[in-house]
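Here's the structure, in structure tokens; my notes come after.
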Amino acid sequence: MTKPLIGIPTRSLTLPGDTLLRYAGLATYTRAIELAGGAPLLIPLGLGEATLRAIFNRLDGLLMQGGVDVHPQEYGEPVQDYCGEIDPARDTVELQLLRWAFAENKPTLGICRGIQMMNVAAGGSLYQDIPAQLQNPLKHQHVKGNPYDFLAHSIELEPASRLARALGATKIKVNSLHHQSLKQIAPGFHVVARAPDGVIEGIESDHHHFAVGVQFHPEWMIDADTRMIGVFKAFVQAIEEAVRSHA
């Protein structure tokens, strides 16, 4: 079977001292998709809607990677002082792709910012900053000097969830590289994983073939914990099933 084509929207990047705008994506995501049996495709920002739609039509699945904060205007809130860096061009592309994917039941996986974008695209909201808005939270932000696969805390998973089946566990330790998190869960989604402080670490769709979001970064942990590749294998398998069903 031909490897399923999985689109990954990029992020805006301007290097210090350089006025050129670049679009970038981390190799950790493309490597994880390839190891799981998929063919990753990086999607540039700033495209016209017709061009973006032409790319979307050729995709078998969609992966939303981590990155900067989602603009609060996308879930109806003003920007607070504790909101971090934003990338409006990226928000525009990701929201459009996600809404097409949800409307057409195209398998989707969201990681860190990706789970947040999925929630916002479907009508949910976010905490703009965990330390400022939640009581007694764990340290969810990356600590300078720690490797990105550093296990920051455990999460509890719903036993019947896709995520628990993919990981082969209902409790597992994960890394943590974020300061925003899900607040109001979007209609049509439900929580399947939480950290000990209650921060949401996983959601799944109630009715889509595969729409799963995780707040942690499994792509950084696939070498240290082989269970983590199961998230990507489950994603690719779901895509293959969807492709066969439409053949």
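Results, tabulated for the structure shown:
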{"read-out": "Residue in segment 189-197 that is out of contact with any Ser or Thr (no Cβ under 8 Å at 6 or more places or on another chain), hydrophobic (A, V, I, L, M, F, W, C) and either buried (at least 21 other Cβ atoms within 10 Å of the Cβ) or within 15 Å of G124 (Cβ to Cβ) (or both) present", "value": "yes"}
{"read-out": "Meets criteria (closer than 27 Å to S181 by Cα, out of contact with any helix residue (DSSP H, G or I) (no Cβ under 6 Å at 6 or more places or on another chain), touching a residue at least 60 places away in the same chain (Cβ under 8 Å) and surrounded by 18 or more Cβ atoms within 10 Å (Cβ to Cβ)) for R90", "value": "yes"}
{"read-out": "Selection count where residues are aromatic (F, W, Y) and at pLDDT below 95, scope segment 58-101", "value": "1"}
{"read-out": "Unmet requirement for R53, which otherwise passes all of (1) of a type outside the set (D, E); (2) under 17 Å from T92 (Cβ atoms); (3) part of a loop (DSSP other than H, G, I, E, B)", "value": "(3)"}
{"read-out": "Residue list for segment 162-188, restricted to those being surrounded by 20 or more Cβ atoms within 10 Å (Cβ to Cβ), of a type in the set (V, I, T) and closer than 14 Å to I115 by Cβ", "value": "V174"}
{"read-out": "Hits in segment 32-46 (condition: part of a loop (DSSP other than H, G, I, E, B) and open to solvent by less than 60 Å² (accessible area, probe 1.4 Å))", "value": "A36, G37, G38, P44, L45"}
{"read-out": "Within segment 64-116, tally of residues that are in a strand (DSSP E or B) and more than 23 Å from L163 (Cα to Cα)", "value": "2"}
{"read-out": "Enumeration of residues in segment 1-20 that are touching a residue at least 24 places away in the same chain (Cβ under 8 Å), of a type in the set (A, V, I, L, M) and out of contact with any Gly (no Cβ under 7 Å at 6 or more places or on another chain)", "value": "M1, L5"}
{"read-out": "Selection count where residues are open to solvent by 100 Å² or more (accessible area, probe 1.4 Å), in a loop (DSSP other than H, G, I, E, B) and among the charged types (D, E, K, R), scope segment 1-31", "value": "1"}
{"read-out": "Test result for E49, open to solvent by 80 Å² or more (accessible area, probe 1.4 Å), closer than 27 Å to G123 by Cβ and at pLDDT below 95", "value": "no"}
{"read-out": "Subset of segment 129-146 that is touching a residue at least 40 places away in the same chain (Cβ under 8 Å) and either within 18 Å of V214 (Cβ to Cβ) or in contact with a helix residue (DSSP H, G or I) (Cβ under 9 Å, 6 or more places away or on another chain) (or both) - its residue that is surrounded by the most Cβ atoms within 10 Å (Cβ to Cβ)", "value": "H140"}
{"read-out": "Counted residues, segment 209-230 - those being in contact with a Pro (Cβ under 8 Å, 6 or more places away or on another chain), buried (at least 21 other Cβ atoms within 10 Å of the Cβ) and either of a type in the set (S, T, N, Q) or more than 21 Å from P196 (Cβ to Cβ) (or both)", "value": "2"}
{"read-out": "Breaking point among (1) surrounded by fewer than 20 Cβ atoms within 10 Å (Cβ to Cβ); (2) modelled with pLDDT under 95; (3) under 19 Å from C83 (Cα atoms), for S125", "value": "(2)"}
{"read-out": "Strands (runs of 3 or more DSSP E) contained entirely in segment 159-232, each with at least 1 residues that are over 24 Å from A36 (Cα atoms) and either acidic (D, E) or touching a strand residue (DSSP E or B) at 6+ places or on another chain (Cβ under 8 Å) (or both)", "value": "189-194, 200-205"}
{"read-out": "Tabulated pairs, segment 154-182, first free of Cβ contacts under 8 Å to residues at least 60 places away in the same chain, second assigned to a helix (DSSP H, G or I) and open to solvent by 10 Å² or more (accessible area, probe 1.4 Å), C-beta under 8 angstrom, 6+ apart or interchain", "value": "A169/R227; I172/R227; N175/W220"}
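The values are calculated or read from the model by the stated rules, or taken from the named source; none is laboratory data. Predicted model only: the values in this text are computed from it and were never measured. For neighbour counting, all protein chains shown are included, and Cβ atoms are generated from backbone atoms with ideal geometry for every residue, glycine included. Heavy atoms of the whole protein, side chains included, go into the accessibility calculation; ligands, DNA and RNA do not. Shrake-Rupley method; radii C 1.70, N 1.55, O 1.52, S 1.80 Å.
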